[in-house]
Amino acid sequence: MDETVAEFIKRTILKIPMTEMMTILKAWDFLPENQLQTVNFRQRKESLVQDLVLLCESKRASLRDAALLDIICEDVDLFDMERFKSSFEKILRRALKNVTVSFRDAEENAVWIRIAWGTQYRKPNQYKPVYVVYYSQTPYAFTSFCHLKSNTPLLSQALTVASNHHKIVKMDLRSRYLDSLKAIVFKQYNQKFETHNSTMPLQETLELDMHMDSRIIHENRIEKERVQRVTQETFGDYPQPRLEFAQYKLETKFKSDFHGGILAERKEPLRCLIKFSSPHLLEALKSLAPAGIADAPLSPLLTCIPNKGMNYFKIRDK
Amino acid sequence: MSVLRPLDKQPGLNTATILLVGTEDALLQQLADSMLKEDCASELRVHLARSLPLPSSVDRPRIDLIVFVVNLHSKYSLRNVEESLHYVDATFFLGKAAFLATGAGRESHCSVHRNTIMKLAHTYRSPLFFCDLEIEGFRATMAQRLVRMLQICAGHVPGVSALNLLSLLRSSETLAPEDL
């Protein structure tokens with residue numbers, strides 16, 4: 001059996017919670033009943049998985065069989081919302097006696113969690129809760145700003161373990177608008193409208209001209225059209241997701257043509273911070289070139305924000 | 001022939017053409033609209049350009065007045081005007097060119113100092129107007145002034161030439177920037 005197939009099977013089985021293990025293996029029907037009975041299902045999961053993979057190897061499982069197992073896993077609703085909630089709360093309570101945790105089920109496999117933090121000796125502060133929205137079918141969770149940074153590792157751990165993941169990564173993406181964050185992260189923002197006719201943009205421009213006074217002549221019409229085209233290619237026709245900030249932290253060593261000088265000898269890198277703020281940052285960036293405030297195309301550092309799902313950047317010398 | 005010259009074409013009958021040069025298209029468009037709303041005996045034409053030199057076109061009428069629009073909030077707009085000035089013949093600066101600075105009202109947003117634009121206008125011996133084009137009232141007044149000025153520059157006002165007007169405007173200036 002191919003090593004990659006073995007690895008794939010191993011990882012797929014690892015994802016199955018122990019409570020569902022038997023059901024899924026039976027549904028898969030690849031390992032016969034009598035062989036399954038020889039396996040010790042009470043041992044640690046890692047060892048169990050190893051045994052199962054060995055069995056699959058001996059039966060020469062193919063990629064097709066592995067794919068079938070994967071489909072079966074998806075089909076069975078593995079994610080048990082109640083189990084997540086109880087696990088999450090348990091983890092928090094084990095670490096911190098004074099904490100209030102509340103849940104509310106929302107649309108599309110999403111759960112809203114409200115956490116009020118206390119300390120060992122103080123009751124939870126109900127006026128400064130943290131909200132978390134977890135989408136169970138995705139590896140994403142959204143949290144509100146947490147005043148007590150010291151609780152963040154605990155929150156991360158609770159989320160990771162309760163949701164059956166291995167680790168949690170904080171994305172450099174922040175905004176006040178949950179819908180916009182969702183749109184960026186689930187890549188739902190670029191709903192392009194169908195255009196059957198490729199000359200449609202040109203038609204739009206012509207219409208504009210007709211509304212204007214014929215006594216006004218735009219000398220740089222061709223350039224304007226180019227700018228419109230480039231802007232449309234970069235940002236698309238659709239409304240942009242809503243962000244308020246973009247922040248760039250730059251760390252670089254001073255470079256100079258002149259040898260010597262105080263700055264040239266400085267060992268520490270120079271740091272600077274540039275912050276863009278706007279009620280609707282991406283729409284503002286989109287309108288920069290057409291308004292004549294910047295050249296088109298814009299710097300990729302600005303235009304990559306929805307694609308990369310980041311609006312906080314750290315730029316260092318390579 | 002990329003340099004603009006004031007008298008290289010025949011004038012159109014009763015036509016007066018103004019060229020507005022500036023990076024911020026929306027402001028230029030609004031100013032043009034305001035100008036065209038004015039009652040005017042002459043036939044007005046407004047050409048909007050982002051920068052000079054202009055794309056070559058045979059069909060352009062003679063340009064009677066050039067107004068360089070600088071947004072004091074943007075160094076980019078100043079630099080654009082400074083570079084465009086190289087494509088204007090010196091004879092335009094005998095009353096047929098002017099500078100318009102917008103955005104002075106919001107001082108905290110200004111990245112171009114007033115003295116910078118004043119010095120530029122002084123270097124080119126041309127009048128400088130400060131007007132916040134975003135404010136409709138100010139824009140309408142400015143449009144009125146520009147229309148009157150345009151008519152004079154096109155020679156439609158008997159007895160007054162562009163050069164006359166320039167010397168009239170200059171004598172009413174207070175002090176040169178160096179004296180400030």
Please list, or write none, the lysines whose alpha carbon is within less than 22 Å of the alpha carbon of residue A:26, excluding same-chain residues fewer than 8 places away.
A:10, A:15, A:45, A:59
Within region A:5-42, which residues have the backbone N less than 17 Å from the label spot 7 Å out from residue A:62 along Cα→beta-carbon, could you tell me?
A:5-6, A:9, A:29-31
Pull out a ≥ b ≥ c, the square roots of the eigenvalues of the alpha-carbon gyration tensor of region A:81-170, then state rounded if a/c is under 1.5, prolate if not and a/b is larger than b/c, and oblate in the remaining case.
prolate
Taking a quarter of the surface of the Cα convex hull of region A:27-145, what do you get in nm²?
10.2
Per residue of B:29-35, other chain Cβ atoms within 10 Å number on average 2
Which three extents, in whole angstrom, do the alpha-carbon atoms of region B:57-114 cover along their principal axes, largest first?
42, 21, 19
Among residues other than residue B:140 whose Cβ falls under 11 Å from its Cβ, what is the net charge (Lys/Arg +1, Asp/Glu -1)?
0
Which order do peptides A:87-95, B:102-110 fall in by mean Cβ count within 10 Å, highest first?
A:87-95, B:102-110
Need one value for B:43-56: mean number of C-beta atoms belonging to other chains within 10 Å of its residues' C-beta atoms.
4
Using alpha-carbon pairs under 8 Å, 6+ residues apart, how would you state the relative contact order of region A:3-77 in percent?
51
Note down the relative contact order for chain A as a percent, whole number, built from C-alpha pairs under 8 angstrom at least six residues apart.
13
Angle between chain B longest axis and helix B:136-153 axis [Cα atoms, degrees, rounded to 10]
40
Based only on other Cβ atoms within 10 Å, what is the fewest-to-most ordering of A:186, B:68, B:130, A:235?
A:186, B:130, A:235, B:68
Kirkwood Rh and Cα-based Rg: tell me the resulting Rg over Rh for region A:223-316, rounded to two decimals.
1.10
Calculate the spin-label point distance for residue B:148 paired with residue B:13, positioning each point 7 Å from the Cα along the beta-carbon direction, and give it in nanometres.
2.9
Highest mean packing first, using Cβ neighbours within 10 angstrom, the peptides A:221-228, A:250-257 sort as A:221-228, A:250-257
In degrees, nearest 10, the alpha-carbon axis of helix B:25-37 is tilted away from the dominant principal axis of the alpha carbons of chain B by 50
Here the percent of antiparallel bridges among DSSP beta bridges lying wholly in the protein assembly as shown, to the nearest 5, is 45
Two-site label geometry, residue A:237 and residue A:19: point separation in nm, points 7 Å out along Cα→Cβ:
4.8
Using a Cα distance threshold of under 22 Å, what count of lysine pairs results for region A:81-170 when pairs must be 8 or more residues apart or interchain?
17
Per 5 Å bin, what percent of the C-alpha pairs of region A:99-146 does each bin hold, from zero upward?
5, 22, 26, 20, 13, 9, 4, 1
Percent RCO, i.e. relative contact order, over chain B, from Cα pairs under 8 Å lying at least 6 residues apart
25
Cβ neighbours within 10 Å from other chains - mean over A:291-297:
5
Round to the nearest 0.05 the FRET efficiency obtained for residue A:296 and residue A:275 when R0 = 25 Å and r is the Cβ-Cβ distance.
0.65
Tensor-based shape of region A:3-77 (alpha-carbon gyration tensor, a/c under 1.5 rounded, otherwise prolate or oblate)
rounded
Could you list the square roots of 5 times each eigenvalue of the Cα gyration tensor of region A:122-172, that is, the equivalent ellipsoid semi-axes, sorted largest first and rounded to whole Å?
21, 12, 11
Using alpha-carbon coordinates, inclination of helix A:18-28 to the longest axis of chain A, degrees:
90
When the convex hull of the Cα atoms of region B:17-167 is projected onto a plane and the area is averaged over all directions, what value comes out in nm²?
8.7
Segment residue A:36-residue A:96, extension gain: residue separation times 0.36 nm, minus the distance between their alpha carbons:
17.4 nm
Rotationally averaged projected area of chain A (alpha carbon convex hull; nm²):
28.2
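Here, each number is a calculation from the coordinates, and none is a lab measurement. As the structure is a prediction and not an experimental result, all values here were calculated from the model. Backbone-built Cβ (ideal geometry, glycine too); neighbour counts: all protein chains shown.
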